[in-house]
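Note sheet for the following structure.
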Amino acid sequence: MLRLHREGHVELPAARWRSKQPRRHAVVQHIEVRVAPLVARLADLGPLDIRQVRRTPEETLVKSLVEQHHYLGYAHPVGEHLKYLVSAGGQPIACFCWSSAARHLGPRDRYIGWSKEQRKARIRLVAYQSRFLILPWVEVPHLASHLLGAISRRLSDDWQQVYGHPIYFTETFVDPTRFRGTCYRAANWTVLGMTAGLGKDARGSIPNRSLKQLLGYPLVRDFRKRLQGQG
């Protein structure tokens, strides 16, 4: 929730107390990665190594790459979360971060069709993709949609392995002033609606942040039944 608050998707009450000590996750260790530019066709890349790196030494590398190269930087997630490092020929080419979903998002909740009680009981079965980064030295057409599909097929099993429960639905935000979300559409994600743009210090219903598209992707066919507790 803190991460969503910082990105302007939800608003939390003002903090009552702030520590003078730096937060444990506030400083991201910088790791310098030197690689040659990669310009290729997807078919010519060869096997891609997709690793879930949560609770492994490579998690620090993902944090560093996201902090250096993602336009939002790295923000340590609150709650359950996974990170992925994608490599080709032994060199990193992409990073993904998933975390716990926001407790309430109108477009998503209407799309799923669950009640308030169902949402409270099963929100942990939805995951939020907080960061998606193709590293800037990589130019491979269709790589983004290919990786979205590949990781979506394993996300639930990986979540089950780390946290003991599956994931049935995943979601993300796209800033339409920066991106068109083409790779998500190519990977069959669905546009669920727009955020209200009500960030910190918003006055009433007047947006003070850029509006974001909310996109979703079901990981199982009967996701609605399972999230409503009927499966």
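Data for the structure
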{"quantity": "Residues (over 13 Å from the mean Cα position of the chain (by Cα) and assigned to a loop (DSSP other than H, G, I, E, B)) located in segment 56-72", "calculated": "Thr56, Pro57, Glu58, Tyr71"}
{"quantity": "Residue pairs meeting the criteria (Cβ under 9 Å; at least 6 apart or on separate chains; first crowded, with 19+ Cβ neighbours inside 10 Å, in segment 105-120; second in a helix (DSSP H, G or I) and polar (S, T, N, Q))", "calculated": "Ile112/Gln118"}
{"quantity": "Filter result (surrounded by 15 or more Cβ atoms within 10 Å (Cβ to Cβ) and of a type in the set (A, V, I, L, M, F, W, C)) within segment 78-91", "calculated": "Leu82, Leu85, Val86, Ala88"}
{"quantity": "Qualifying residues in segment 34-55 (those that are out of contact with any helix residue (DSSP H, G or I) (no Cβ under 9 Å at 6 or more places or on another chain), part of a loop (DSSP other than H, G, I, E, B) and of a type outside the set (Gly, Ala, Ser)) - the one surrounded by the fewest Cβ atoms within 10 Å (Cβ to Cβ)", "calculated": "Arg34"}
{"quantity": "Breaking point among (1) touching a Pro at 6+ places or on another chain (Cβ under 9 Å); (2) more than 18 Å from Lys212 (Cβ to Cβ); (3) touching a residue at least 24 places away in the same chain (Cβ under 8 Å), for Gln160", "calculated": "(3)"}
{"quantity": "Among (1) of a type outside the set (S, T, N, Q); (2) within 16 Å of Val140 (Cα to Cα); (3) surrounded by 15 or more Cβ atoms within 10 Å (Cβ to Cβ), the one test that Ala75 misses", "calculated": "(2)"}
{"quantity": "Output for segment 155-186, where each listed residue is crowded, with 18+ Cβ neighbours inside 10 Å and among the hydrophobic types (A, V, I, L, M, F, W, C)", "calculated": "Leu155, Trp159, Ile167, Phe169, Phe173, Val174, Cys183"}
{"quantity": "Qualifying positions in segment 167-218 - under 22 Å from Tyr111 (Cα atoms), modelled with pLDDT under 95 and assigned to a loop (DSSP other than H, G, I, E, B)", "calculated": "Asp175, Pro176, Arg180, Gly181, Thr195, Ala196, Gly197, Leu198, Leu211, Lys212"}
{"quantity": "Residues located in segment 126-143, provided they are at negative phi and either in a loop (DSSP other than H, G, I, E, B) or surrounded by fewer than 20 Cβ atoms within 10 Å (Cβ to Cβ) (or both)", "calculated": "Ile134, Leu135, Pro136, Trp137, Glu139, Val140, Pro141"}
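The values are calculated or read from the model by the stated rules, or taken from the named source; none is laboratory data. These numbers come from a predicted model, not from an experiment. All Cβ positions, glycine included, derive from the backbone under ideal geometry; neighbour counts span all protein chains shown.
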